[in-house]
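Below you'll find the structure, written out as C-alpha coordinates, and then a few comments.
The values are calculated or read from the model by the stated rules, or taken from the named source; none is laboratory data. All of these numbers come straight from a predicted model, not from anything done at the bench. Cβ: placed from backbone, ideal geometry, glycine included. Neighbour counts: every protein chain shown. These accessible areas exclude ligands, DNA and RNA; they are computed on the full protein's heavy atoms, side chains included. Shrake-Rupley method; radii C 1.70, N 1.55, O 1.52, S 1.80 Å.
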Amino acid sequence: MWSTLIMTLPTQPNAVRLRVWRNLKALGCAALRDGAYLLPEEHAGLMAPIAAEVREHGGTAMLLTLSANDNTQRQEIEALFDRTEAFTQWRDTATALQAELPQLTDTEARRRLRSIADALQALHRIDYYPGAAAAQANADLDSLRQALDARFSRGEPTALPAHGIPRMDKARFQNQRWATRARPWVDRLACAWLIRRFIDPGAAFVWLADPASAPADVLGFDFDGARFTHVGALVTFEVLIASFGFEADPRLQRLARAVHYLDAGGMPVPEAAGLEAVLAGLREVHAGDDALAQAAAQVFDALYAVPPSSPSASSTVPGTAP
(Lines give C-alpha, C1' and ligand atoms only; values in the text may rest on other atoms or scores of the structure.)
Protein backbone atom coordinates (compact mmCIF):
# COMPACT_ATOMS: atom_id res chain seq x y z
CA MET A 1 0.00 0.00 0.00
CA TRP A 2 1.04 3.58 -0.59
CA SER A 3 0.46 6.91 1.09
CA THR A 4 -0.89 9.35 -1.49
CA LEU A 5 -0.61 13.13 -1.29
CA ILE A 6 -3.18 14.88 -3.50
CA MET A 7 -2.63 18.60 -3.53
CA THR A 8 -3.16 21.89 -5.27
CA LEU A 9 -0.26 24.26 -4.73
CA PRO A 10 -0.85 27.88 -3.76
CA THR A 11 -0.29 30.31 -6.61
CA GLN A 12 1.94 32.43 -4.38
CA PRO A 13 4.55 32.73 -3.05
CA ASN A 14 6.83 31.08 -5.58
CA ALA A 15 9.33 30.21 -2.84
CA VAL A 16 6.78 27.88 -1.24
CA ARG A 17 6.00 26.18 -4.53
CA LEU A 18 9.70 25.62 -5.19
CA ARG A 19 10.31 24.30 -1.69
CA VAL A 20 7.43 21.83 -1.98
CA TRP A 21 8.79 20.49 -5.31
CA ARG A 22 12.26 20.14 -3.87
CA ASN A 23 10.99 18.33 -0.78
CA LEU A 24 8.95 15.89 -2.85
CA LYS A 25 12.00 15.16 -4.99
CA ALA A 26 14.25 14.77 -1.95
CA LEU A 27 11.86 12.19 -0.48
CA GLY A 28 11.84 10.21 -3.72
CA CYS A 29 8.09 10.53 -4.20
CA ALA A 30 6.61 8.96 -7.31
CA ALA A 31 4.26 11.07 -9.42
CA LEU A 32 0.99 9.31 -10.13
CA ARG A 33 -0.15 12.40 -12.08
CA ASP A 34 0.09 16.16 -11.62
CA GLY A 35 -0.73 16.90 -8.02
CA ALA A 36 -0.71 13.27 -6.85
CA TYR A 37 2.41 11.85 -5.23
CA LEU A 38 3.16 8.49 -3.65
CA LEU A 39 5.39 6.97 -1.01
CA PRO A 40 5.28 3.46 0.43
CA GLU A 41 2.82 3.47 3.32
CA GLU A 42 5.51 2.94 5.96
CA HIS A 43 6.93 6.35 5.00
CA ALA A 44 3.60 8.18 5.17
CA GLY A 45 4.79 10.49 7.95
CA LEU A 46 7.36 12.06 5.66
CA MET A 47 4.67 13.71 3.53
CA ALA A 48 2.64 15.14 6.43
CA PRO A 49 4.84 18.26 6.85
CA ILE A 50 4.58 18.97 3.13
CA ALA A 51 0.79 18.72 3.25
CA ALA A 52 0.72 21.04 6.27
CA GLU A 53 2.86 23.66 4.50
CA VAL A 54 0.68 23.56 1.38
CA ARG A 55 -2.46 24.14 3.46
CA GLU A 56 -0.75 26.85 5.52
CA HIS A 57 -0.16 28.91 2.37
CA GLY A 58 -3.64 28.54 0.93
CA GLY A 59 -3.33 25.37 -1.10
CA THR A 60 -5.23 22.11 -0.64
CA ALA A 61 -3.70 18.82 0.45
CA MET A 62 -5.10 15.42 1.41
CA LEU A 63 -3.21 12.33 2.52
CA LEU A 64 -4.94 9.11 1.43
CA THR A 65 -4.03 5.43 1.27
CA LEU A 66 -3.79 3.69 -2.08
CA SER A 67 -3.81 -0.06 -2.68
CA ALA A 68 -3.35 -2.04 -5.88
CA ASN A 69 -6.19 -4.10 -7.31
CA ASP A 70 -3.92 -6.88 -8.53
CA ASN A 71 -0.29 -7.84 -9.00
CA THR A 72 -0.05 -6.17 -12.41
CA GLN A 73 -1.20 -2.86 -11.00
CA ARG A 74 1.18 -3.24 -8.06
CA GLN A 75 4.09 -3.69 -10.47
CA GLU A 76 2.99 -0.64 -12.45
CA ILE A 77 2.97 1.50 -9.31
CA GLU A 78 6.34 0.18 -8.12
CA ALA A 79 7.77 0.98 -11.56
CA LEU A 80 7.02 4.66 -10.88
CA PHE A 81 9.77 4.50 -8.22
CA ASP A 82 12.39 3.03 -10.58
CA ARG A 83 15.81 4.60 -9.92
CA THR A 84 17.76 3.06 -12.80
CA GLU A 85 18.31 6.42 -14.49
CA ALA A 86 19.54 7.98 -11.25
CA PHE A 87 21.93 5.09 -10.61
CA THR A 88 23.18 5.39 -14.20
CA GLN A 89 23.93 9.09 -13.69
CA TRP A 90 25.71 8.25 -10.43
CA ARG A 91 27.75 5.57 -12.22
CA ASP A 92 28.84 8.10 -14.85
CA THR A 93 30.29 10.28 -12.07
CA ALA A 94 32.11 7.31 -10.53
CA THR A 95 33.47 6.28 -13.93
CA ALA A 96 34.74 9.81 -14.57
CA LEU A 97 36.65 9.78 -11.28
CA GLN A 98 38.25 6.42 -12.06
CA ALA A 99 39.37 7.69 -15.48
CA GLU A 100 40.86 10.84 -13.93
CA LEU A 101 42.79 9.13 -11.12
CA PRO A 102 46.21 9.40 -12.87
CA GLN A 103 45.85 13.21 -12.96
CA LEU A 104 44.60 13.69 -9.37
CA THR A 105 46.34 14.08 -6.05
CA ASP A 106 45.57 11.65 -3.25
CA THR A 107 43.68 14.33 -1.30
CA GLU A 108 41.52 15.40 -4.23
CA ALA A 109 40.75 11.83 -5.27
CA ARG A 110 39.66 10.85 -1.76
CA ARG A 111 37.57 14.00 -1.39
CA ARG A 112 35.72 13.15 -4.59
CA LEU A 113 35.36 9.52 -3.53
CA ARG A 114 33.69 10.61 -0.29
CA SER A 115 31.31 12.82 -2.27
CA ILE A 116 30.46 9.96 -4.63
CA ALA A 117 29.93 7.54 -1.73
CA ASP A 118 27.66 10.06 0.03
CA ALA A 119 25.66 10.55 -3.16
CA LEU A 120 25.14 6.80 -3.48
CA GLN A 121 24.03 6.54 0.14
CA ALA A 122 21.51 9.34 -0.45
CA LEU A 123 20.21 7.54 -3.54
CA HIS A 124 19.82 4.28 -1.61
CA ARG A 125 17.70 6.13 0.99
CA ILE A 126 15.04 6.90 -1.62
CA ASP A 127 15.34 3.61 -3.53
CA TYR A 128 12.24 2.04 -2.01
CA TYR A 129 12.24 -1.02 -4.29
CA PRO A 130 15.93 -1.88 -4.84
CA GLY A 131 16.80 -3.87 -7.94
CA ALA A 132 19.80 -4.88 -10.00
CA ALA A 133 20.95 -1.30 -10.53
CA ALA A 134 21.35 -0.72 -6.79
CA ALA A 135 23.42 -3.86 -6.31
CA GLN A 136 25.57 -3.01 -9.32
CA ALA A 137 26.22 0.49 -7.96
CA ASN A 138 27.51 -0.99 -4.70
CA ALA A 139 29.88 -3.23 -6.64
CA ASP A 140 31.02 -0.25 -8.75
CA LEU A 141 31.81 1.71 -5.60
CA ASP A 142 33.88 -1.22 -4.26
CA SER A 143 35.82 -1.31 -7.53
CA LEU A 144 36.40 2.45 -7.41
CA ARG A 145 37.74 2.25 -3.86
CA GLN A 146 40.10 -0.55 -4.86
CA ALA A 147 41.33 1.43 -7.89
CA LEU A 148 41.99 4.46 -5.70
CA ASP A 149 43.87 2.38 -3.12
CA ALA A 150 45.93 0.75 -5.87
CA ARG A 151 46.84 4.22 -7.17
CA PHE A 152 47.65 5.97 -3.89
CA SER A 153 48.27 3.25 -1.28
CA ARG A 154 50.79 0.99 -2.95
CA GLY A 155 52.24 -1.64 -0.67
CA GLU A 156 49.35 -1.68 1.76
CA PRO A 157 47.31 -4.90 2.08
CA THR A 158 44.38 -4.93 -0.32
CA ALA A 159 41.10 -5.14 1.55
CA LEU A 160 38.82 -7.86 0.31
CA PRO A 161 35.57 -6.58 -1.19
CA ALA A 162 32.39 -7.16 0.73
CA HIS A 163 31.74 -10.29 -1.29
CA GLY A 164 34.96 -11.85 0.06
CA ILE A 165 36.54 -12.68 -3.31
CA PRO A 166 40.07 -13.97 -2.65
CA ARG A 167 42.95 -12.70 -4.77
CA MET A 168 44.50 -15.27 -7.10
CA ASP A 169 48.06 -15.56 -8.45
CA LYS A 170 47.76 -16.05 -12.19
CA ALA A 171 51.13 -17.81 -12.25
CA ARG A 172 49.34 -20.79 -10.70
CA PHE A 173 46.73 -20.85 -13.46
CA GLN A 174 48.84 -21.39 -16.56
CA ASN A 175 48.14 -23.88 -19.38
CA GLN A 176 44.96 -25.08 -17.72
CA ARG A 177 41.78 -26.62 -19.07
CA TRP A 178 38.90 -24.24 -18.37
CA ALA A 179 35.33 -25.49 -18.58
CA THR A 180 31.98 -23.78 -18.91
CA ARG A 181 28.54 -24.45 -20.34
CA ALA A 182 28.28 -25.12 -24.06
CA ARG A 183 26.95 -22.53 -26.53
CA PRO A 184 28.42 -19.65 -24.54
CA TRP A 185 26.74 -16.28 -24.42
CA VAL A 186 27.93 -12.82 -23.32
CA ASP A 187 29.30 -13.53 -19.83
CA ARG A 188 30.97 -16.81 -20.78
CA LEU A 189 32.37 -15.40 -24.04
CA ALA A 190 33.79 -12.42 -22.17
CA CYS A 191 35.27 -14.74 -19.54
CA ALA A 192 36.93 -16.90 -22.19
CA TRP A 193 38.47 -13.79 -23.76
CA LEU A 194 39.67 -12.46 -20.38
CA ILE A 195 41.17 -15.81 -19.42
CA ARG A 196 43.15 -16.22 -22.61
CA ARG A 197 44.09 -12.53 -22.96
CA PHE A 198 45.04 -11.67 -19.38
CA ILE A 199 45.23 -14.78 -17.20
CA ASP A 200 46.22 -17.96 -19.06
CA PRO A 201 47.38 -17.47 -22.68
CA GLY A 202 47.73 -21.23 -23.03
CA ALA A 203 44.18 -21.95 -21.88
CA ALA A 204 42.16 -24.72 -23.52
CA PHE A 205 38.39 -24.62 -23.22
CA VAL A 206 35.99 -27.46 -22.55
CA TRP A 207 32.36 -26.76 -23.48
CA LEU A 208 30.06 -28.75 -21.21
CA ALA A 209 26.69 -30.04 -22.32
CA ASP A 210 26.04 -30.93 -18.67
CA PRO A 211 28.04 -28.98 -16.05
CA ALA A 212 27.20 -31.63 -13.46
CA SER A 213 29.45 -34.04 -15.34
CA ALA A 214 32.47 -31.72 -15.60
CA PRO A 215 35.83 -33.55 -15.50
CA ALA A 216 37.66 -33.30 -12.20
CA ASP A 217 40.79 -31.75 -13.72
CA VAL A 218 39.18 -28.62 -15.20
CA LEU A 219 38.76 -25.09 -13.85
CA GLY A 220 35.06 -24.31 -14.08
CA PHE A 221 33.54 -20.90 -14.70
CA ASP A 222 29.99 -19.58 -14.87
CA PHE A 223 27.98 -22.52 -13.62
CA ASP A 224 26.79 -23.71 -10.21
CA GLY A 225 29.67 -25.16 -8.25
CA ALA A 226 32.33 -23.73 -10.58
CA ARG A 227 35.61 -22.31 -9.25
CA PHE A 228 34.61 -18.93 -10.66
CA THR A 229 30.97 -17.92 -10.92
CA HIS A 230 28.55 -15.18 -9.86
CA VAL A 231 29.21 -13.66 -6.43
CA GLY A 232 26.60 -11.35 -4.98
CA ALA A 233 25.76 -8.74 -7.62
CA LEU A 234 28.84 -9.55 -9.71
CA VAL A 235 28.65 -11.66 -12.86
CA THR A 236 31.44 -14.15 -13.56
CA PHE A 237 33.41 -11.75 -15.77
CA GLU A 238 33.50 -9.25 -12.90
CA VAL A 239 34.46 -11.99 -10.44
CA LEU A 240 37.43 -12.97 -12.62
CA ILE A 241 38.49 -9.32 -12.84
CA ALA A 242 38.38 -9.03 -9.03
CA SER A 243 40.02 -12.43 -8.47
CA PHE A 244 43.08 -11.59 -10.54
CA GLY A 245 43.43 -7.94 -9.55
CA PHE A 246 42.36 -6.12 -12.71
CA GLU A 247 39.91 -3.71 -11.04
CA ALA A 248 42.05 -0.64 -11.76
CA ASP A 249 41.92 -1.14 -15.54
CA PRO A 250 39.31 1.35 -16.82
CA ARG A 251 38.96 -0.43 -20.17
CA LEU A 252 38.09 -3.70 -18.47
CA GLN A 253 35.67 -1.89 -16.18
CA ARG A 254 33.92 -0.41 -19.22
CA LEU A 255 33.60 -3.87 -20.73
CA ALA A 256 32.42 -5.25 -17.40
CA ARG A 257 29.55 -2.78 -17.27
CA ALA A 258 28.30 -3.90 -20.68
CA VAL A 259 28.66 -7.60 -19.83
CA HIS A 260 26.92 -7.09 -16.49
CA TYR A 261 23.98 -5.28 -18.10
CA LEU A 262 23.49 -7.92 -20.79
CA ASP A 263 23.84 -10.82 -18.35
CA ALA A 264 22.10 -9.54 -15.21
CA GLY A 265 20.35 -6.28 -16.04
CA GLY A 266 20.85 -3.14 -13.99
CA MET A 267 22.21 0.11 -15.40
CA PRO A 268 22.21 0.30 -19.22
CA VAL A 269 25.39 1.29 -21.07
CA PRO A 270 25.76 2.57 -24.64
CA GLU A 271 27.97 -0.32 -25.80
CA ALA A 272 25.54 -3.04 -24.72
CA ALA A 273 23.14 -3.02 -27.67
CA GLY A 274 25.91 -3.15 -30.27
CA LEU A 275 27.82 -5.83 -28.39
CA GLU A 276 24.70 -7.96 -28.05
CA ALA A 277 23.88 -7.65 -31.75
CA VAL A 278 27.40 -8.56 -32.89
CA LEU A 279 27.68 -11.55 -30.56
CA ALA A 280 24.23 -12.78 -31.58
CA GLY A 281 25.31 -12.66 -35.21
CA LEU A 282 28.52 -14.56 -34.45
CA ARG A 283 26.48 -17.20 -32.65
CA GLU A 284 24.44 -17.71 -35.80
CA VAL A 285 27.55 -17.91 -38.01
CA HIS A 286 29.65 -20.27 -35.84
CA ALA A 287 28.20 -23.64 -34.89
CA GLY A 288 31.35 -24.67 -33.01
CA ASP A 289 32.00 -23.13 -29.61
CA ASP A 290 35.78 -22.84 -30.13
CA ALA A 291 35.22 -20.88 -33.34
CA LEU A 292 32.56 -18.75 -31.64
CA ALA A 293 34.86 -17.91 -28.72
CA GLN A 294 37.71 -17.05 -31.08
CA ALA A 295 35.51 -14.75 -33.18
CA ALA A 296 34.04 -13.11 -30.06
CA ALA A 297 37.56 -12.51 -28.75
CA GLN A 298 38.24 -10.23 -31.71
CA VAL A 299 35.17 -8.16 -30.76
CA PHE A 300 36.36 -7.85 -27.16
CA ASP A 301 39.87 -7.02 -28.38
CA ALA A 302 38.44 -4.17 -30.45
CA LEU A 303 36.34 -2.85 -27.58
CA TYR A 304 39.28 -3.04 -25.22
CA ALA A 305 41.46 -1.11 -27.67
CA VAL A 306 39.20 1.96 -27.50
CA PRO A 307 40.80 4.49 -25.09
CA PRO A 308 38.61 5.23 -22.03
CA SER A 309 38.43 8.93 -22.93
CA SER A 310 37.48 8.35 -26.56
CA PRO A 311 33.95 9.43 -27.59
CA SER A 312 33.47 6.01 -29.18
CA ALA A 313 34.02 4.46 -25.78
CA SER A 314 30.57 5.65 -24.81
CA SER A 315 28.71 5.26 -28.08
CA THR A 316 28.93 2.06 -30.09
CA VAL A 317 30.86 -1.12 -30.61
CA PRO A 318 33.87 -0.41 -32.88
CA GLY A 319 32.97 -1.18 -36.46
CA THR A 320 29.22 -0.85 -35.95
CA ALA A 321 27.00 2.01 -37.05
CA PRO A 322 25.99 4.57 -34.44
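Residues in the range 112-134 that are open to solvent by 30 Å² or more (accessible area, probe 1.4 Å), at pLDDT 90 or above, within 21 Å of His260 (Cβ to Cβ) and in a helix (DSSP H, G or I): how many?
2
Cβ-Cβ distance below 6 Å, separation of 6 or more or different chains: which pairs start in the range 14-41 with a residue that is assigned to a strand (DSSP E or B) and end on one that is polar (S, T, N, Q)?
Close Cβ pairs satisfying both conditions: Leu38/Thr4; Leu39/Ser3.
Within the range 177-199, restricting attention to residues that are surrounded by 18 or more Cβ atoms within 10 Å (Cβ to Cβ) and not in a helix (DSSP H, G or I), which residue is nearest to the chain's Cα centre (by Cα)?
Within the range 177-199, the subset surrounded by 18 or more Cβ atoms within 10 Å (Cβ to Cβ) is 178-181, 184, 186-196, 199.
If we keep only those that are not in a helix (DSSP H, G or I) as well, we get 178-181, 184.
On the way: Trp178: 27, Ala179: 26, Thr180: 24, Arg181: 24, Pro184: 22 Å.
Only one residue fits best here, namely Pro184.
Scanning the range 200-230 for residues that are among the aliphatic types (A, V, I, L, M) and part of a loop (DSSP other than H, G, I, E, B), which turns out farthest from Asp289 (Cα to Cα)? It would help to see each step written out before you state the result.
Residues of the range 200-230 that are among the aliphatic types (A, V, I, L, M), as a first pass: 203-204, 206, 208-209, 212, 214, 216, 218-219, 226.
Next cut, part of a loop (DSSP other than H, G, I, E, B) only: 203, 209, 214, 216, 218, 226.
On the way: Ala203: 14, Ala209: 11, Ala214: 16, Ala216: 21, Val218: 17, Ala226: 19 Å.
Step by step, filter the range 200-230, then rank; the result is Ala216.
Within the set of pairs 6 or more residues apart or between chains, which connect a residue that is without any contact (Cβ under 8 Å) to a residue 60 or more places away in the chain and under 24 Å from Ala216 (Cα atoms) inside the range 226-246 to a residue that is among the aliphatic types (A, V, I, L, M) and open to solvent by 30 Å² or more (accessible area, probe 1.4 Å) with Cβ atoms less than 7 Å apart?
Val235/Ala264
Among residues belonging to the range 201-217 that are under 29 Å from the mean Cα position of the chain (by Cα) and open to solvent by 40 Å² or more (accessible area, probe 1.4 Å), point out the one that is nearest to Lys170 (Cα to Cα).
Across the range 201-217, the extreme among qualifying residues is Pro201.
For the range 56-83, give me each residue that is of a type outside the set (A, V, I, L, M) and surrounded by 14 or more Cβ atoms within 10 Å (Cβ to Cβ). Spell out how you get there, then give the answer.
At the first step, the residues of the range 56-83 found to be of a type outside the set (A, V, I, L, M) are 56-60, 65, 67, 69-76, 78, 81-83.
Correct list: His57, Gly59, Arg74, Glu78, Phe81, Asp82, Arg83.
Can you pull out the residues in the range 27-38 that are open to solvent by less than 70 Å² (accessible area, probe 1.4 Å) and either touching a Cys at 6+ places or on another chain (Cβ under 9 Å) or closer than 16 Å to Asp82 by Cα (or both)?
Restricting attention to the range 27-38, the residues satisfying the condition of being open to solvent by less than 70 Å² (accessible area, probe 1.4 Å) are 27-31, 35-38.
Within the range 27-38, Leu27, Gly28, Cys29, Ala30, Ala31, Tyr37, Leu38 qualify.
For Leu5, all conditions in the list (1) open to solvent by 70 Å² or more (accessible area, probe 1.4 Å); (2) touching a residue at least 12 places away in the same chain (Cβ under 8 Å) hold save one; what is the number of the exception?
Condition not satisfied by Leu5: (1).
Kindly list the number of the only condition in (1) modelled with pLDDT of 90 or more; (2) of a type in the set (A, V, I, L, M, F, W, C); (3) touching a helix residue (DSSP H, G or I) at 6+ places or on another chain (Cβ under 6 Å) that fails for Phe81.
(3)
Looking only at residues in the range 99-111 that are hydrophobic (A, V, I, L, M, F, W, C) and open to solvent by 20 Å² or more (accessible area, probe 1.4 Å), which one is farthest from Leu262 (Cα to Cα)?
As a first pass, look at the range 99-111 and keep what is hydrophobic (A, V, I, L, M, F, W, C): 99, 101, 104, 109.
Next cut, open to solvent by 20 Å² or more (accessible area, probe 1.4 Å) only: 99, 104.
Values: Ala99: 23, Leu104: 32 Å.
By that ranking, first place goes to Leu104.
Scan the range 233-246 for residues that are in contact with a Lys or Arg (Cβ under 9 Å, 6 or more places away or on another chain) and in a loop (DSSP other than H, G, I, E, B) and jot them down.
Hits for the range 233-246 are Phe244, Gly245.
Given the conditions (1) modelled with pLDDT under 90; (2) closer than 21 Å to Ala248 by Cα, report the number of the one that Gln89 does not fulfil.
Answer for Gln89: the failing condition is (1).
For the range 250-292, give me the residue count where each residue is of a type in the set (Asp, Glu) and surrounded by fewer than 18 Cβ atoms within 10 Å (Cβ to Cβ). First the steps, then the outcome.
Filtering the range 250-292 down to residues of a type in the set (Asp, Glu) leaves 263, 271, 276, 284, 289-290.
Checking which are surrounded by fewer than 18 Cβ atoms within 10 Å (Cβ to Cβ) leaves us with 276, 284, 290.
The total comes to 3.
Go through the range 263-308 and report how many residues are in a helix (DSSP H, G or I), under 22 Å from the mean Cα position of the chain (by Cα) and among the β-branched types (Val, Ile, Thr).
So the count comes out to 2.
With (1) under 14 Å from Tyr128 (Cα atoms); (2) outside any helix (DSSP H, G or I); (3) not basic (Lys, Arg) as the list, and Gln75 as the residue in question, which single condition is left unmet?
Evaluating Gln75 over (1) under 14 Å from Tyr128 (Cα atoms); (2) outside any helix (DSSP H, G or I); (3) not basic (Lys, Arg) leaves (2) as the failure.
Would the range 55-67 turn up any residue that is aliphatic (A, V, I, L, M) and outside any strand (DSSP E or B)? Reasoning before the result, please.
First pass over the range 55-67, keeping only residues aliphatic (A, V, I, L, M): 61-64, 66.
Next, from what is left, pick out any that are outside any strand (DSSP E or B): none.
Looking through the range 55-67, none of the residues is aliphatic (A, V, I, L, M) and outside any strand (DSSP E or B).
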